Amino acid sequence: MATTSAAANRDQQRIILAKPGKYLTFKLGDELYAVDILKVQEIIGMQSVIRIPKTPHYVRGMINLRDRVIPVIDLRLKFDMEHKEDTRRTCIIVLQVNVNARQVIIGAVVDEVSEVIDLSQDELQPAPSFGSALDTHMIIGIGRTKEKVIMLLDADTLLSTEEIFSLKEVARQAAAQAQD
């Protein structure tokens, strides 16, 4: 009984970083994830992605979206999930992320977009604690509705500051070379 009470105490001490509001839900495999809708610029169908040499395995490359070069990551690979061929439901979520007080646009490939949901404070729970062995810094909470359990992600931490700026620099150089 003491163990159960200690576990409940630890759960209460963990902070819910997610805020009530609207979230865009999407699937990676059978799992449901979500990001704050205010971070979503748009959702586009899968398109040709230009590969960028010497980038991490989860970087798909870059796209030209209305004359803006945007780096694109594959969230399946970023989360160490098995690679899956694109389907007609595969799409890119274009996100505005904050890095060092600057807004940066990135694309995130997901298996499919589900819906926009509105989560209340009662439907939010703290992110699970897995100890220090697992890197879960991008999980800001769990959304629980009657039908679903949703992993809530912090779009600003999907990539580190260094990763974002190195991708933006590589994309900038590639765009400059393409214009020459």
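When the stretch 8-49 is limited to residues that are modelled with pLDDT under 90 and of a type in the set (A, V, I, L, M), the one that is farthest from Q96 (Cα to Cα) turns out to be A8.
Test V104 against the stated conditions and say whether it is of a type in the set (A, V, I, L, M, F, W, C), out of contact with any Asp or Glu (no Cβ under 8 Å at 6 or more places or on another chain) and crowded, with 21+ Cβ neighbours inside 10 Å. So V104 does not fit the description; no. Within the set V69, V49, V94, the sole residue that is within 20 Å of D156 (Cβ to Cβ) and of a type in the set (V, I, T) turns out to be V94. Pairing residues of the stretch 65-81 that are crowded, with 17+ Cβ neighbours inside 10 Å with residues that are β-branched (V, I, T) and in a loop (DSSP other than H, G, I, E, B), at Cβ distances under 7 Å and at least 6 apart in sequence or on separate chains, gives V72/V49.
Given the criterion modelled with pLDDT under 90 and basic (K, R), identify the matching residue among R88, R76, R68. Result: R68 is the single residue among R88, R76, R68 that is modelled with pLDDT under 90 and basic (K, R). Evaluation of P53 against the conditions (1) surrounded by 12 or more Cβ atoms within 10 Å (Cβ to Cβ); (2) at pLDDT below 90 shows that the sole unmet condition is (1). Comparison of V109, V97 shows that the only residue that is part of a strand (DSSP E or B) and modelled with pLDDT under 95 is V97. Taken together, the residues in the stretch 22-40 that are outside any strand (DSSP E or B) and of a type in the set (A, V, I, L, M, F, W, C) amount to 2. Out of I92, I164, one residue alone is of a type in the set (V, I, T) and touching a Gly at 6+ places or on another chain (Cβ under 7 Å). It is I92.
Screening the stretch 116-136 for residues that are in a loop (DSSP other than H, G, I, E, B) and surrounded by 11 or more Cβ atoms within 10 Å (Cβ to Cβ) and picking the one that is modelled with the lowest pLDDT gives T136.
The values are calculated or read from the model by the stated rules, or taken from the named source; none is laboratory data. Just so we're clear, the structure is a prediction, and the values are computed from it rather than from any experiment. So basically every Cβ, Gly included, is an ideal-geometry build from the backbone, and we count neighbours across all protein chains shown.
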